[in-house]
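Visitor: One structure, pasted below without further comment.
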Amino acid sequence: MATLGDDNDPTVGGDDMSAPPVTEPEVALEPSVRVPVPPPEGFTADDLDRIPDLPSHTELIDGSLVLVSPQKLFHMLVMRLLDRRLETNMPDHFRVRREMTVTLGPRQRPEPDVMVVRADAEQEGDQTTYPPDSVVLAVEVVSPDSAVRDRERKPQLYAQAGIPHFWRVENDGGEPKVYVYELDPATRAYVATGIHHNRLKLDRPFDIDIDLTEIDRM
């Protein structure tokens, strides 16, 4: 992923505004993609809906735009597997969603790879984001270019916003390894509850039983 909007690494969550502002009107990525230079205070969550022609799946982390690199096969297969099997396992009052953001604050609007949300959070057909209190589970499939964000900054943001469950999926020799976390509400930090190979069997946030080796047959 490429990050635009701040000279600081967005994974550290710094708010240092002492760096001199960029003066060029735009940053050219390729002939068909031009991204505006951020204001001194960074972009806001609402800007994602206002800036024209942003690349698909652009996120906002710490006021900076994060652009998604081309998806690898492993990443796509894991998301497809989790999407299918969560849909099969979950109660009727939940929904599995992908390619949607969650607005965690004025400068934070990440897009989890997979989310489970409450059905009553669905508003209108043109909805582009969810509030954090409607998200039950956020999942990140780690990619090489986004590893620090997926392992550190994004789960930190999800926990601080009160999202109760988080999974991180790593590529373990071509097989998914799922790290499962649950929120400690007193500290607003995630606590690891297990590492799962081959089979993901849980009873929270609902009864879940997923054959992780199914990825080899997809």
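The values are calculated or read from the model by the stated rules, or taken from the named source; none is laboratory data. Source: prediction; values computed, not measured. Glycine gets a Cβ as well: all are built from the backbone with ideal geometry, and neighbour counts include every protein chain shown.
Visitor: Anything in the stretch 174-200 that is closer than 13 Å to Gln156 by Cα and among the basic types (Lys, Arg)? List them, or say none.
Guide: Within the stretch 174-200, just Arg188 meets the criteria.
Visitor: In addition: Suppose we filter Gly174, Gly162 for residues that are out of contact with any Leu (no Cβ under 9 Å at 6 or more places or on another chain) and either in contact (Cβ under 8 Å) with a residue 40 or more places away in the chain or surrounded by fewer than 17 Cβ atoms within 10 Å (Cβ to Cβ) (or both); which single one remains?
Guide: Gly174
Visitor: How many residues are closer than 16 Å to Gln108 by Cβ and not aromatic (Phe, Trp, Tyr) if we restrict to the stretch 149-179?
Guide: 13
Visitor: Follow-up. Any idea how many residues of the stretch 67-104 are assigned to a loop (DSSP other than H, G, I, E, B), on the phi < 0 side of the Ramachandran plot and under 17 Å from the mean Cα position of the chain (by Cα)?
Guide: Going through the stretch 67-104 one residue at a time, the tally reaches 9.
Visitor: Residue by residue through the stretch 106-140, note down the ones that are exposed (fewer than 15 other Cβ atoms within 10 Å of the Cβ) and in a strand (DSSP E or B).
Guide: The one that is exposed (fewer than 15 other Cβ atoms within 10 Å of the Cβ) and in a strand (DSSP E or B): Arg118.
Visitor: Please verify whether the stretch 36-47 includes one or more residues that are at pLDDT below 85 and either surrounded by 19 or more Cβ atoms within 10 Å (Cβ to Cβ) or not in a strand (DSSP E or B) (or both).
Guide: Yes - at least one qualifying residue is present in the stretch 36-47.
Visitor: Aromatic (Phe, Trp, Tyr) and farther than 30 Å from Thr213 by Cβ: which single residue out of Phe94, Phe43 fits that description?
Guide: Checking each option against the conditions leaves just Phe43.
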